[in-house]
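The structure appears below as structure tokens.
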Amino acid sequence: MDIASPLLLWYDRHARTLPWRGSRDPYIIWVSEIIFQQTRIEQGTGYFLRFVGRFPDLHSLAAAGEDEVLRLWQGLGYYSRARNMLFTARFIVENHGGIFPSDFEMIRKLKGIGDYTASCIASICFGQVHAAVDGNVYRVLSRVIADKTAIDSTKGQVLFKRLAQELISRQRPGDFNEALMDLGATVCKPRSPECTICPLINLCRACELKIQGELPVKSPAIKKSASVMNYLLVMQGEEIVIQKRTGKGIWNGLYELPMIAGDLEPASIAAECQSVYGIKADNLSEIRRIKHVLTHAKLDIRFYAVTTVSKASIGNKSLLWVSGRNIVEYPFPKPLVDFLDSLSES
DNA sequence: CACGCGTGGGT
DNA sequence: TACCCAAGCGT
């Protein structure tokens, strides 16, 4: 089967003009591919432009602090992408003389770079024949061969990656990869694919069988767990108390207010606040309650004002006093950004 | 290898 | 409301 010829003909006329298109700088392609993992073009483009504006090359990124990198990432989600990028930038400077590796296996070993991103960099920047298989490509190929193997199963991933590697253009591997992704994004869409204008209509088995709407097949989604987070707004004059999240859970590396987990009464929260943080919180008053939905969890987030507290009464060293003026230096999860923004408005 | 990891938009 | 979807990767 030759899908490369009609696909590249289509691509030459319909390729989208995107800020990173045309660049063969592995640093630029790397940044763009990381940002657009699980992220829509409309959502990520501003982030991409700000990121490469502030960090135009590997060395400028490697020299940055984690807070500033995460602050540029604030609101984009999946923050381990940013922390892994910083780690890898520093790694390349230290171990590869600041030159982005061109060997596929070497690229693939870098932290935060999997099969997809390594294939993009190898094909687009170095002309190597490696098929980049993202969600678009899984969808397009599952329709082309009308195969109902779940695209998110191990079996499906092996199947469609092998197929993509068979079909990829040996002459224009980078263009082929981008063309297949463009086709998935603009024509072979998840819902209501526009088969009548598709360059692959004559060889698409799903279109022939009129089952394109039933493909791709995915495994059933996992149910979201629910949890409650109680945030404490501890203020004195112009300053509030924040802390950095560490460990393996959500929002790792970002900052937040002092937090007590669990569906608790204010009195219980105050007691835990005292024992965990050493914050004497006699009279908590709830000032806001919001729902925040993640891919895998539903959060019930409650904000409380702590009115009677003196700076000296807080003995926990992991807590930071930050002035309202400096709060913009610190990266926060979206619900905290919204809450803190609403404070400065009123 | 099933699951954790964000956010925003669409239906 | 409650899903689904969007240029994946680490563990």
Problem set entry | Table column - 3J(HN,Hα) (Hz), region A:244-257, Karplus curve with 6.51, -1.76, 1.60, x for Gly and Pro | 8, 7, 10, x, 10, x, 5, 6, 4, x, 8, 9, 7, 7
For this session: Would you mind listing how long chain A runs along its three principal axes, going by Cα atoms, in whole Å with the largest first?
Result: 73, 48, 34
Exercise. Cross-link list A:Lys248/A:Lys334; A:Lys189/A:Lys298; A:Lys148/A:Lys224; A:Lys109/A:Lys298; A:Lys291/A:Lys334; A:Lys161/A:Lys189: which exceed 22 angstrom alpha carbon to alpha carbon?
Worked result: A:Lys189/A:Lys298; A:Lys148/A:Lys224; A:Lys109/A:Lys298
For this session: Place a +1 charge on the Cβ of each Lys and Arg in region A:4-214 and a -1 charge on the Cβ of each Asp and Glu, then give the dipole magnitude about the Cα centre in debye, rounded to the nearest 20.
Result: 360 debye
Exercise. Counting Lys and Arg as +1 and Asp and Glu as -1, each charge on the Cβ, what is the dipole of region A:225-345 about the Cα centre in debye, to the nearest 20?
Worked result: 340 debye
Problem set entry | region A:1-104 - Debye-derived log10 I(q)/I(0), Cα point model, q = 0.09, 0.18 Å⁻¹ | -0.28, -0.90
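Please state, rounded to one decimal and in Å, the Kirkwood hydrodynamic radius that region A:225-345 gives when every pair of distinct Cα atoms enters the mean of 1/r. Mind dumping the intermediate values first?
On the way: mean 1/r = 0.0681 Å⁻¹.
After inverting the pairwise mean of 1/r, the radius is 14.7 Å.
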For this session: Taking only Cα atoms and a 10 Å spring cutoff, compute GNM fluctuations for chain A and point out the largest among A:Gly75, A:Gly247, A:Gly278.
Result: A:Gly247
Exercise. How big is the gap, in Å, between the Cα center of region A:1-68 and the Cα center of region A:174-214?
Worked result: 23 Å
For this session: May I ask you to give the percent of accessible area on chain A that is carbon plus sulfur, with a probe radius of 1.4 Å?
Result: 52 percent
For this session: Over all alpha-carbon pairs of region A:161-284, lay out the pair-distance distribution in 5 Å bins, whole %, shortest bin first.
Result: 2, 8, 11, 12, 10, 6, 5, 6, 7, 8, 9, 8, 6, 2, 0
Exercise. Over region A:4-214, what relative contact order in percent results from Cα pairs under 8 Å that are six or more residues apart?
Worked result: 21 percent
Problem set entry | Heavy-atom accessible area per residue - chain A, 1.4 Å, Å² | 50 Å²
For this session: Go through A:17-29, A:142-154, A:167-179 and give me the packing order, highest mean Cβ count within 10 Å leading.
Result: A:167-179, A:142-154, A:17-29
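Counting pairs of alpha carbon atoms under 8 Å apart in space and at least six apart in sequence, what relative contact order in percent does region A:225-345 give? Can you show the working numbers first?
Working: 210 pairs, mean separation 40.8, N = 121.
Taking the mean separation of contacting Cα pairs over the length of region A:225-345, I get 34 percent.
The values are calculated or read from the model by the stated rules, or taken from the named source; none is laboratory data. Note that this is a predicted model, so its numbers are computed, not measured. Don't worry about glycine lacking a Cβ; one is built from the backbone with ideal geometry, like all the others, and counts go over all protein chains shown. When the accessible area is computed, the model is the full protein with side chains, heavy atoms only, and any ligands, DNA or RNA have been set aside. Shrake-Rupley method; radii C 1.70, N 1.55, O 1.52, S 1.80 Å.
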